[in-house]
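Take a look at the structure below.
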Amino acid sequence: MKREVVVTGVGIVSAAGISPEETWNSLKEGKSGLTPFSLLSSPKYTGVPAGQVSADLAALSGLEQSCRPDQLAVIAARQALKESFPNADSRVMEKAGVILGACVGGMSQSEFFLQQLLLEGVTDTDLLRFHECACAAEAVAEDLGLFGPCETISTACSSGSNAIFLAADMIASGESDMMLAGGIDSFSRLTLNGFGSLLLIDPQGCRPFDEQRKGISLGEGAAVLVLESAETARRRNAPILATLSGWANTCDAHHATAPAPDGDGIARAIHSALGQSGLSPKDIHYINAHGTATIENDRAESSAINLVFGDGMPPVSSTKRVFGHTFAAAGAIEAVVCVLALKNRAIPANAGLDQLDPSCPVRIQRNFENSDISNVMSLSLGFGGNNNCLIMTRGEA
Amino acid sequence: MEDLIKEIKQRLVDNLQLDRSPQEIDTDAPLFDEGLGLDSLDVLELVVMLDRDYGIEIVNMDEGKKAFVSVRGIAEYITAKKAS
C-alpha cells in the first residue's frame with residue numbers, strides 16, 4: 001500500500017523574495033520581480049527584463065567560495081528544513097535524502113574558465129569544480145548533513161517538479177521517510193544565448209497567455225520542499241502544510257523542443273495525477289500553469305486544460321512574470337507557490353496580462369483573490385514535451 | 001542579390017542538413033510550415049548563421065519575423081542591414 005506524502009517545510013529564494021513570506025507578499029501585491037538584466041556582462045542582453053536575485057548570495061549563504069546555484073540551493077534548503085524542524089533533530093535528518101532538479105549547474109563558471117583560457121591563456125581549473133549540475137544537491141547534503149540518497153534530475157523546465165515526483169515515489173513506496181526535493185538554476189551564457197537565438201526572449205518582459213506575448217523572461221532561483229511520510233510527520237508533530245495527493249510525468253515524444261500542439265501529453269499527465277489522487281476535475285480549485293509566454297507553450301497548455309476541464313475549468317494563472325522562467329527551479333518554485341496559496345487561502349494573479357489570447361481560452365485569474373481552496377494543481381512542461389502534473393491538498397497547519 | 005540568394009540556399013542546405021539541393025529551394029517560399037518546412041528549432045541555426053557569416057545580430061522575435069520570411073527575405077534583410 002502506498003504511503004501518504006506530506007509537505008512539512010518550504011524554502012524559496014528568487015527575484016520575488018528571499019523567503020516564503022517575502023515571496024507571498026510579492027504575489028499578494030502582484031509585484032513582478034523582473035529587473036534590467038545586469039549579470040554575466042552580456043552586452044546583447046543587458047537591460048532585458050529578467051528575474052535576478054539582487055541579494056548578496058555569498059553573504060546570505062556564508063558560502064563565499066561557492067557558485068550561485070549552490071548558494072541558492074543551500075539557502076532554500078535551510079529555510080525548508082528550519083520550518084519542518086524548528087528544533088533540529090539529527091536522528092531523523094541523517095536518514096533524509098535530497099533530490100534537486102538542475103539544468104546547467106555552475107556552467108557560468110565553466111564559461112568564465114573558457115573565456116579566460118581563450119582570451120588570456122589563463123587556466124584556472126578551480127572554476128570547473130561546479131560544472132556538474134549535480135553539485136547543488138551535493139552542496140545541500142553536505143551543508144545540512146543529509147546522509148540518504150542524493151540525486152539530480154535534468155529534464156529541462158520540468159526538472160524541479162520531476163525531482164518532487166521522484167522523491168514522492170520514494171516516500172510513498174517506503175524507500176525513504178523524508179526527502180528534500182526541489183530545483184535550482186541560475187543564469188549561464190548557454191541559456192541566455194540559447195533562448196536568445198531561438199528568439200524566445202520577450203524584450204518587454206514575459207506576458208503569459210497575452211495575445212501580444214513574445215516569449216519568456218529568464219530568471220534564477222531555488223525552491224526546496226521537505227517531503228515526508230504522513231506517519232513520521234504526525235509522530236514528530238511536524239507542521240503539515242499540504243498533502244501531495246497526486247503526481248505524474250508523461251512525454252509527448254513529438255519534437256526536441258516544441259510541445260505537441262494538441263496538448264494530449266499534458267492532458268495525460270493531468271489525468272494520471274487526478275487518478276492517483278482520487279479527485280475529479282471539479283475538485284481542483286486552482287491551476288498554476290507552466291505559462292512560459294512562448295506562443296507554442298501557452299497554446300498547447302490551454303488545449304490540454306480545456307481537454308480535461310472543459311466548462312468546469314477552475315481559475316488558471318501563470319506566475320512566470322513574478323519570478324521569470326527559472327528553468328529547473330520553476331516547477332519547485334511553483335509547487336511552493338501552491339503550498340503558500342493553500343496555506344493563505346488565496347489565488348495568485350496571472351501578472352503581465354493585458355488581452356487574453358483568444359487561442360488560449362483558459363479561465364484566467366487576473367487579480368489576486370482570497371478563496372477557500374482545498375486542492376490545487378501545478379503544471380510544469382519541459383523541452384521535449386516532458387510534462388509534469390502535481391496535485392496538492394490543504395494540510396493541517 | 002542573386003549571388004547572395006544562391007549563397008544563402010547553400011548555407012541552409014549545409015547548416016540545416018536539408019534533404020534537398022540548393023537548386024530545389026524556392027526563393028520565395030515561406031521558410032516555415034508548408035513552405036520549406038523549417039521549425040522553431042531551426043530558427044536557432046538561422047540566427048547563428050546570420051551572426052557568424054554576416055555579422056548581423058537578431059535578438060528578438062520581431063526582428064526575426066522581418067528577416068525569416070523566405071530566402072529572398074533573408075537576402076533583402078542582409079542587404080538592408082549591410083547598407084545601414
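The values are calculated or read from the model by the stated rules, or taken from the named source; none is laboratory data. This is a predicted model, so every value here is computed, not measured. As a convention, Cβ positions derive from the backbone with ideal geometry for all residues, glycine included, and neighbour counts pool all protein chains shown.
With the structure loaded, tell me whether A:L27 is surrounded by 24 or more Cβ atoms within 10 Å (Cβ to Cβ), out of contact with any Cys (no Cβ under 8 Å at 6 or more places or on another chain), under 15 Å from A:A222 (Cα atoms) and of a type in the set (A, V, I, L, M) or whether it fails that test. When the stated conditions are applied, A:L27 does not pass them.
For the range A:212-230, the tally of residues that are touching an Asp or Glu at 6+ places or on another chain (Cβ under 8 Å) and within 14 Å of another protein chain (Cβ to nearest Cβ) stands at 6. With a requirement of 1 or more residues that are of a type in the set (D, E), in contact with a strand residue (DSSP E or B) (Cβ under 8 Å, 6 or more places away or on another chain) and more than 24 Å from A:E132 (Cβ to Cβ), the helices (runs of 4 or more DSSP H) lying completely within the range A:1-120 that satisfy it span A:68-84.
Looking at A:S359, A:S378, A:S374, just one residue is in the same structural domain as A:T326 (by TED's automatic domain parsing), closer than 18 Å to A:F209 by Cβ and surrounded by fewer than 17 Cβ atoms within 10 Å (Cβ to Cβ), and that residue is A:S359.
Of all the residues in the range A:79-105, those that are farther than 19 Å from A:N237 by Cα and touching a residue at least 60 places away in the same chain (Cβ under 8 Å) number 8. May I ask you to list the residues in the range A:172-209 that are in contact with a Gly (Cβ under 8 Å, 6 or more places away or on another chain), over 27 Å from A:M392 (Cβ atoms) and of a type outside the set (A, V, I, L, M, F, W, C)? Scanning the range A:172-209 gives A:D202, A:G205.
Only one residue in A:L119, A:L144 is over 19 Å from the mean Cα position of the chain (by Cα) and free of Cβ contacts under 8 Å to residues at least 12 places away in the same chain. Which one?
On the way: A:L144 fails: free of Cβ contacts under 8 Å to residues at least 12 places away in the same chain.
Going through A:L119, A:L144 in turn, the sole match is A:L119.
For the range A:163-178, the criterion of being among the charged types (D, E, K, R), in the same structural domain as A:A80 (by TED's automatic domain parsing) and either over 29 Å from A:G265 (Cα atoms) or surrounded by 19 or more Cβ atoms within 10 Å (Cβ to Cβ) (or both) is met by at least one residue. Among the residues of the range B:49-84, the ones that are more than 20 Å from A:Q212 (Cα to Cα), surrounded by 18 or more Cβ atoms within 10 Å (Cβ to Cβ) and within 11 Å of chain A (Cβ to nearest Cβ) come to 2 in all. The set of residues in the range A:328-356 being crowded, with 21+ Cβ neighbours inside 10 Å and over 25 Å from A:I153 (Cβ atoms) consists of A:I347, A:P348, A:A349, A:N350, A:A351, A:G352, A:L353. Counting just the residues of the range A:173-205 that are small (G, A, S) and not in a loop (DSSP other than H, G, I, E, B), which one comes out farthest from the other protein chains (Cβ to nearest Cβ)? For the range A:173-205, the residue satisfying everything is A:A181. Assess whether A:A233 counts as being away from chain B (no Cβ under 14 Å), crowded, with 24+ Cβ neighbours inside 10 Å and either basic (K, R) or assigned to a helix (DSSP H, G or I) (or both). So A:A233 passes the test. Of all residues in the range B:12-44, exactly one satisfies the criterion of being within 14 Å of another protein chain (Cβ to nearest Cβ) and hydroxyl-bearing (S, T, Y), namely B:S40.
Of all residues in the range A:236-262, those that are closer than 23 Å to A:G382 by Cα, among the aliphatic types (A, V, I, L, M) and buried (at least 19 other Cβ atoms within 10 Å of the Cβ) total 4.
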